[in-house]
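Below you'll find the structure, written out as structure tokens, and then a few comments.
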Amino acid sequence: MRDRAEVVVIGAGFAGAATAYHLARRGVGDVVVLEREPVPGAHASGRNAALVRRVTDPEPVRRISAAGAAALESGELAPAARFRRIGSLLLASGERVRELECEAQACRADGIDVRRLGPREISGLVPLLSGAGHEAGFHCPSDGVVDIHSLLLAYLAGARSGGAHVLFSTPVKAIETRDGQVVAVVTGRGRIRTDRVVNAAGAWAGELAGTAGSTSVPLVPYRRHLFLTAPLAGISPDLPFVWDESNSFYFRPESGGLLLSPCDEEEHPASPPAVDPRFQELLAERLLPVLPIARELRVARAWACLRTFAPDRMPVIGPDPRVRGLFWVAGLGGHGMTASDAIGALAAARLMGEPGPGETAEFFLPERFGAPSPPTQIQEIAS
Ligand SMILES: Cc1cc2nc3c(=O)[nH]c(=O)nc-3n(C[C@H](O)[C@H](O)[C@H](O)COP(=O)(O)OP(=O)(O)OC[C@H]3O[C@@H](n4cnc5c(N)ncnc54)[C@H](O)[C@@H]3O)c2cc1C
């Protein structure tokens with residue numbers, strides 16, 4: 001256990017791992033990454049749907065996701081990401097068609113191929129959807145899926161080879177400050193002196209910042225369920241992932257069956273969420289009217305995890321406006337894996353005092369939440 005580091009990163013999910021990796025690429029190796037769990041990816045980063053989706057909004061999120069997606073496909077970590085270009089098909093009817101058309105146009109303006117499909121082309125591309133009755137589909141052939149565990153391990157291996165120490169089973173109980181400046185982190189295994197801390201604690205980022213007296217960023221975790229079916233006849237691993245924006249569900253091929261989500265979004269405390277069987281019923285309700293195969297689906301495994309959002313649903317990347325030395329890489333919402341490489345690159349640049357790549361970076365600054373609130377009672381996190 002080191003007792004001093006130039007930078008301490010708290011959390012070894014995509015936010016912390018990608019930041020440490022990009023610090024290492026910049027030659028900053030005096031870094032300690034602290035993770036409470038015994039393994040990487042115990043929460044959102046190891047339990048997400050692995051989808052790389054470029055058609056989205058708002059624009060800054062679309063841009064950083066597209067930059068991240070490009071890196072996963074052809075950057076240094078592409079071999080580890082094992083990106084598979086299966087494409088995506090976003091489905092909609094009514095008002096949502098017009099909104100998706102705008103998002104697709106914005107993607108096309110950035111050189112991303114997005115084709116609008118009618119009902120016959122939709123069932124031609126994904127025969128499972130025959131007779132589903134969607135007004136329009138948007139096919140992005142360059143979208144796909146990655147191997148999230150291999151990618152996360154590659155970020156951490158890259159950080160380590162640049163000199164970083166990655167410690168598991170090491171919960172941070174408090175970030176210590178003196179006169180509004182970070183001076184140390186207090187862990188379950190001792191104290192590490194530092195004047196720069198990266199708060200990459202996912203759903204726990206708010207409570208962690210509270211230990212340093214910062215309440216600047218109002219983050220909210222929301223639970224989402226995923227269901228994996230038993231293998232089904234005729235499911236090709238190359239089927240595009242399908243996201244039905246009007247009926248609120250998505251699915252993709254996985255292990256011979258389908259991985260599905262009812263796109264549920266329920267506020268949840270920062271704690272590992274349990275599976276609620278009501279959401280399997282909700283999924284069935286949403287699937288049955290549009291997916292004839294829904295009656296044959298048998299759920300083999302179900303899990304739930306937290307996606308954490310700021311009120312404007314954009315990531316929070318930058319220095320805390322109140323506490324000097326406290327740096328946020330949090331609120332990654334539903335695109336944190338896709339955008340991870342670009343987020344890590346931006347965070348590392350900002351930590352080094354540079355503006356960072358991309359013209360949307362200023363949208364992510366924590367100071368956008370207005371005047372910082374008065375200091376709070378500082379409390380350690382209960383172990
Ligand atoms: C069901 C679901 C599906 C998703 N699907 C996709 C998808 O298809 N594509 C996509 O791009 N994104 C997806 N996401 C979003 C993506 O998973 C997240 O944006 C991303 O993983 C967030 O990474 P993170 O590092 O911020 O958080 P986390 O992965 O939660 O990592 C934070 C880490 O900090 C640690 N930590 C917390 N407090 C402390 C402490 N006090 N001391 C030490 N360590 C601490 C935690 O143990 C945790 O490991 C999905 C999310 C969910 C929940």
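The values are calculated or read from the model by the stated rules, or taken from the named source; none is laboratory data. Since this is a predicted model, take the numbers as computed values, not measurements. Don't worry about glycine lacking a Cβ; one is built from the backbone with ideal geometry, like all the others, and counts go over all protein chains shown.
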First in the range 7-28 and at positive phi, second anywhere and modelled with pLDDT of 95 or more, Cβ under 7 Å, 6 or more apart
Gly11/Glu35; Gly11/Ala200; Gly11/Ala201; Gly11/Gly202
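Across the range 276-289, which residue is farthest from the chain's Cα centre (by Cα) among those that are surrounded by 15 or more Cβ atoms within 10 Å (Cβ to Cβ) and under 13 Å from Val299 (Cα atoms)?
Ala284
From Val55, Val39, grab the single residue that is within 24 Å of Arg85 (Cβ to Cβ) and in contact (Cβ under 8 Å) with a residue 40 or more places away in the chain. Talk me through it step by step, then tell me what you get.
On the way: Val39 fails: within 24 Å of Arg85 (Cβ to Cβ).
Among Val55, Val39, only Val55 is within 24 Å of Arg85 (Cβ to Cβ) and in contact (Cβ under 8 Å) with a residue 40 or more places away in the chain.
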Within the range 30-60, restricting attention to residues that are more than 30 Å from Ile112 (Cβ to Cβ), buried (at least 17 other Cβ atoms within 10 Å of the Cβ) and of a type in the set (A, V, I, L, M, F, W, C), which residue is farthest from the ligand (Cβ to nearest atom)?
Val31
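So that you can scan it fast, the table gives a plain yes or no per residue for (1) free of Cβ contacts under 8 Å to residues at least 12 places away in the same chain; (2) of a type in the set (S, T, N, Q); (3) near the ligand (Cβ under 10 Å from one of its atoms):
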| site | (1), (2), (3) |
| --- | --- |
| Thr170 | no, yes, yes |
| Thr177 | no, yes, no |
| Val183 | no, no, no |
| Thr187 | no, yes, yes |
| Ala205 | no, no, yes |
| Thr215 | no, yes, no |
| His225 | no, no, yes |
